[in-house]
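This report refers to the structure that appears directly beneath it.
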Amino acid sequence: MLYPQQNNYRDINILDGIWKFKLDPENIGLKGNWHNGINNSRPIVVPSSWNELYPDTTDYIGVGWYECDFFVPTSWISNNSGLRFSSVTYKATVWINGNLIGTHEGGHLPFEFQLDNFVNDDKSNKLVVRVENELKPDRVPPGNVEGGSLSIFMENIPRTNYDFFPYAGIDRSVYLYHLPEFHLTDVIVTTSIVNDIGLVEIIVKSNNDETNCYALISSDGDSIKSSSISLKEQNNITLKINNPKLWSCSDPFLYQLTVFITKNGKIVDSYQLEIGVRSIEIKGHQILLNGEPIELKGFGRHEDSFITGRGQNLPQTIKDHNLLKWIGANSYRTAHYPYSEEDLFLADKHGFLVVDEIPAVGLFFDGKEKDIETRLDICRKQISELINRDRNHPSVIMWSIANEPFPPDLLNRMQRMQPQETSDNIFNFLSEPVDPNATKFMNTLLTDAKKLDNTRPVTFAAVHGTPIEWLDNVDVIMLNRYYGWYFGGVMLDEAVQKLSIELDYIYGKTKKPIIISEFGAEGMTGSHSVSQELYTEEYQLEFWKRYLDLAEQKDFLIGLHAWVFADFRTTHSLKRISGLNQKGAFTRDRKPKMAAHYLKKRWN
Ligand code: BDP
């Protein structure tokens, strides 16, 4: 799905602004025909999460209704206009002028509907959206899980199966768009480098194959143009750039690519995008960018801010990217869901290496079989939506199909992870097979991602105790590790020793590159101590220092993503003081903690 664009042939109208809003705690709106218009509404901002705006919406789980009016320019009424939501969390049902136009399940990913036949060309139109954010075990991410996997560690409210606040609403921009009669429906770009030649392969899809197509790549006044192809005969174009300027972290050079559609020799549509010429491959225990080994330094992040919640906050996105540069990071993971498209456009420009993740956090494999099947279907849909959205970004180097899927018998496996557990062959149990259905679930997702895009490695972030057989099918292993916090807090010497043994064990079994995709300790700003004390800024710093020191001794450890970039809002529980996860290098308002200054020294 192409990002909406305005040019000589295409038009957009962004509907962001103040909309009408009403909660529906009794769920009476559907019967009460609220889809024709809502009464007694109050204002809300689109995009934003509804939670931080009113006292009664803060912890609200249920249904909320949105409404706005819009006009469609008369020049648009030609059967090619659409309505695109960049993200609605969690489930959206959409009506225009009282007519149902569609539904979409799952946050953080875009969806769109054709407008034709639904809109008036002479008067205003009423758009009504019912948003529902119930926490259910058969959703992704899941919530209200019976004997919830997360409650092993903490009873939390609202009852998510994951550690961040379930913000809800129309949380990213809403677009009306208009396309010309003959238009591009997709452009897929892959690049490679062969003997100093940059190959740019473009697959073009159009709504009409009685058209022709050509592509132009330009930079600094130079341009390369392909010959024109008939889309009836082929839909792929390859352009060659001699001695290309490659996209890299230190020089994220972007070329302008424009794809044109012509009909009877006349241009009828075009689409522009910025592309980076680069290659990514795995060789032995290394990830190679343009043939050179890379090391990832950075964080897992969250889209989380005061007042807007998880709603799109572009000033904060810019600020976060600047702080990532300041601290010397070259990489991040979109933990635990796809970030805004604008975030990735910036990553392309800034040269960040992004691990792009679907919202599959808190997956578990016990409970009702039907729920497991539903979750699998949703994850598969999310992988496809994510790859279709993000595949043209040079910054995206890997797909992550889950965060911490919980192996069956999690509690028992975790107990063996305590540093005090020192029996011989402590990690052998990781090589034992687990429930084959769970393994099949994981392999289905990895295979899907590979099939949709065979140019990028696939991975997932593995919790303590993840069986080796789940790691067998990833290209790069990502491990979330908390030795020295949840596992042997304060006992840093023993913790790092156990981590070292485990890393050697896993590498020995798999021979794949390993990234520690999470490691962190809570550091409450202003909490200090001369001795090693949990929750102090000193302990947080020391924790990260020990992991960084260990990483220097392991060749196969090719990346460290500290958890987490900044403090973020999570559910209420005894372990989350003030409703915050405080493992951030920065506070929630982006002030550096002691450990941020330390990481800056190490990473620069
Ligand atoms: C990890 C989870 C992450 C949590 C983190 C923590 O992947 O979402 O926020 O633990 O406890 O296991 O801080």
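The values are calculated or read from the model by the stated rules, or taken from the named source; none is laboratory data. What you are looking at is a predicted structure, and each value in this text was computed from that prediction instead of being measured. No Cβ is skipped: glycine too gets one built from the backbone with ideal geometry, and neighbour counts run over all protein chains shown. Accessible surface areas use protein heavy atoms only, side chains included; no ligands, DNA or RNA. Shrake-Rupley method; radii C 1.70, N 1.55, O 1.52, S 1.80 Å.
Percent of accessible area on the chain owned by carbon and sulfur, 1.4 Å probe?
C and S fraction of accessible area: 48 percent.
Please sort 543-552, 286-295 by packing, taking for each peptide the average over its residues of neighbouring beta carbons within 10 angstrom, highest first.
543-552, 286-295
Quick check for you: with a 1.4 Å probe and neighbouring chains kept, what is the accessible area per residue of the chain, in Å²?
So the chain comes to 39 Å² accessible per residue, rounded to a whole number.
Over the C-alpha atoms of segment 294-603, what are the Rg and the largest Cα-to-Cα span, Dmax, in Å?
18.6, 53
What number, rounded to the nearest 500 deg cm²/dmol, is the helix-based mean residue ellipticity at 222 nm of the chain, given -39500 (n - 2.57) per DSSP H run of at least four residues and division by all its residues?
That calculation yields -6000 deg cm²/dmol at 222 nm.
Tell me, what is a quarter of the convex hull surface for the C-alpha atoms of the chain, in nm² with one decimal?
For the Cα atoms of the chain, the hull's average projected area reads 27.8 nm².
Which whole-number percentage describes the relative contact order of the chain, with Cα contacts under 8 Å and a sequence gap of 6 or more?
Result for the chain is 12 percent.
In the full protein assembly as shown, how much of residue 209 is accessible to a 1.4 Å probe, in Å² to the nearest 10?
Probe radius 1.4 Å; accessible area of residue 209 about 80 Å².
Report the relative contact order of segment 276-400, percent, no decimals, based on alpha-carbon pairs under 8 angstrom and at least 6 residues apart.
With pairs under 8 Å counted, the relative contact order is 23 percent.
Stretched out fully, how many nm does the piece from residue 377 to residue 577 gain, at 0.36 nm a residue minus the Cα gap?
68.4 nm
Around residue 544, with a cut-off of 14 angstrom between Cβ atoms, what is the net charge of the other residues, counting Lys and Arg +1 and Asp and Glu -1?
Combined, the nearby Lys, Arg, Asp and Glu give +2.
Give me the accessible area of residue 159, 1.4 Å probe, in Å² rounded to the nearest 10.
The value for residue 159 is about 90 Å².
Rounded to the nearest Å, what's the spacing between the alpha carbon centres of segment 283-346 and segment 78-103? Just the number, please.
Taking the Cα centre of each part, segment 283-346 and segment 78-103 sit 30 Å apart.
Calculate one ³J(HN,Hα) per residue across segment 409-416 by plugging θ = phi - 60° into the Karplus curve 6.51 cos²θ - 1.76 cosθ + 1.60, and present them in order as whole Hz with x for glycine and proline.
Computed from phi, the couplings for segment 409-416 are 6, 4, 4, 4, 5, 5, 4, 6 Hz.
Provide Rg over Rh for segment 446-555; use the alpha carbon set for both Rg and the Kirkwood Rh (inverse mean inverse pair distance).
Ratio of gyration radius to Kirkwood radius: 1.06.
Whole Å is fine, so just give me how far the alpha carbon centre of segment 476-529 lies from that of segment 360-437.
Each part reduced to its Cα centre gives a spacing of 18 Å.
Which of the aspartates and glutamates could a cross-linker span from residue 245 if the Cα-Cα distance has to be under 14 Å and same-chain partners fewer than 8 positions apart are dropped?
Counting by Cα, and skipping residues close in sequence, residue 245 has these aspartates and glutamates nearby: 196, 220, 222, 274.
What does the charge dipole of the chain about its Cα centre add up to, to the nearest 20 debye, if the Cβ of each Lys and Arg holds +1 and the Cβ of each Asp and Glu holds -1?
So the magnitude is around 620 debye.
Using modelled backbone amide H atoms (1.01 Å from N, in-plane), which distant-in-sequence or interchain residues come within less than 5 Å of residue 101's amide H?
94, 95, 96
Given the pairs 297/591; 368/440; 368/512, which are separated by over 23 angstrom at their Cα positions?
As for pairs spanning more than 23 Å Cα to Cα, those are 368/512.
With charges only on Cβ, +1 for K and R and -1 for D and E, what is the dipole size of segment 294-603 about its Cα centre, in debye, rounded to 20?
Value, rounded to 20: 740 debye.
For a quick check of understanding: with a 1.4 angstrom probe and all protein chains in place, what accessible area in square angstrom does residue 538 have, to the nearest ten?
Spelled out: residue 538, probe radius 1.4 Å, area about 60 Å².
Whose amide H sits under 5 Å from the amide H of residue 296, counting only residues 5 or more places off or on another chain, with H placed in the peptide plane?
Amide H neighbours of residue 296: 559, 560.
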